[in-house]
Amino acid sequence: MPSPFRIAVLASGRGSNLQALIAARDAGELPVEFVAVGSDKAGAGALDLAKTAGIPSFVLNPRDFATRRDYDFELFARLDAIGADLLVLAGFMRIIDGDALKPWVGRMINIHPSLLPKYRGLHTHRRALEAGDTEHGASVHYVTAELDGGPVIAQALIDIHAGDDEHSLAQRLLAKEHRLLTAVTRLIAEGRLALAAPDGVELDGERLATPLRLAGDALTG
Ligand code: GRF
């Protein structure tokens, strides 16, 4: 039997994306082993989900470190020791030091609630509404030193409706985020996706001209 693909998930909040990954694994749709859930917040819901699922977890409190850099080097040292094939940032609300993350480039993905390169950073739903956009979405991208700036692997789109507010938009998008993150993680676990440094993505050895799109539960070119 080949050894299972090992993923670690970092999350600062409720962990609904983590929950979606666990559910997909449990349904036999995601061939991975969860080796760790890490958080910067002791109260993160993601930690409770990890506990319930029997996944080892840890908290690293930024207040215990003099600098962001010290924190990040310790975080990645831990993940190195655990030995993950892939790090999934699922609502991990921290900017990460570029030097600390360097060894993980190509092995770390993030889900961001906007159609990157639009709206890097925070308040993406509000910004899409304020701009009068007619569509919105989420992106999964490889993490590089540039905040929300690494090569985009895949996106899920939703229409913005006349009566939408930040909350309704976030809610509707979240359901798509769960499918998007699961589908991308599956492709990586199957060995089909790779970062084509510095700024491209390869699927089955072919460079993508544009990010993959979520259609239903599947990704299309
Ligand atoms: C998601 O909207 C994700 O895109 C963003 O943070 C949120 C995390 O939600 N980066 P959850 O903790 O997975 O429920």
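Can you say whether Phe76 is surrounded by fewer than 21 Cβ atoms within 10 Å (Cβ to Cβ), in a strand (DSSP E or B) and modelled with pLDDT of 95 or more, as far as the supplied structure shows? Against the criterion (surrounded by fewer than 21 Cβ atoms within 10 Å (Cβ to Cβ), in a strand (DSSP E or B) and modelled with pLDDT of 95 or more), Phe76 does not qualify.
Restricted to segment 94-107, and to residues there that are more than 14 Å from Pro198 (Cα to Cα) and hydrophobic (A, V, I, L, M, F, W, C), the residue that is surrounded by the most Cβ atoms within 10 Å (Cβ to Cβ) is Ile96. Going through Ala162, Ala170 one at a time, which residue ends up being among the small types (Gly, Ala, Ser), more than 30 Å from Ala100 (Cα to Cα), without any contact (Cβ under 8 Å) to a residue 60 or more places away in the chain and surrounded by 14 or more Cβ atoms within 10 Å (Cβ to Cβ)? Sole residue among the options that is among the small types (Gly, Ala, Ser), more than 30 Å from Ala100 (Cα to Cα), without any contact (Cβ under 8 Å) to a residue 60 or more places away in the chain and surrounded by 14 or more Cβ atoms within 10 Å (Cβ to Cβ): Ala170. I'm trying to understand the selection: among the residues of segment 64-97, which are small (Gly, Ala, Ser), away from the ligand (no atom under 16 Å from the Cβ) and within 16 Å of Val37 (Cα to Cα)? Passing the criteria: Ala77, Ala81, Gly83, Ala84. Kindly check whether there is at least one residue in segment 47-63 that is more than 16 Å from the ligand (Cβ to nearest atom), surrounded by fewer than 18 Cβ atoms within 10 Å (Cβ to Cβ) and assigned to a helix (DSSP H, G or I). Yes, the conditions are met somewhere in segment 47-63. Test Glu33 against the criterion of being in a helix (DSSP H, G or I) and either more than 13 Å from the ligand (Cβ to nearest atom) or in contact (Cβ under 8 Å) with a residue 60 or more places away in the chain (or both), and give yes or no. It is false that Glu33 is in a helix (DSSP H, G or I) and either more than 13 Å from the ligand (Cβ to nearest atom) or in contact (Cβ under 8 Å) with a residue 60 or more places away in the chain (or both).
The values are calculated or read from the model by the stated rules, or taken from the named source; none is laboratory data. None of these values were measured; they are calculated from a predicted model. Counting neighbours? That spans all protein chains shown, and the Cβs are built from the backbone with ideal geometry, glycine included.
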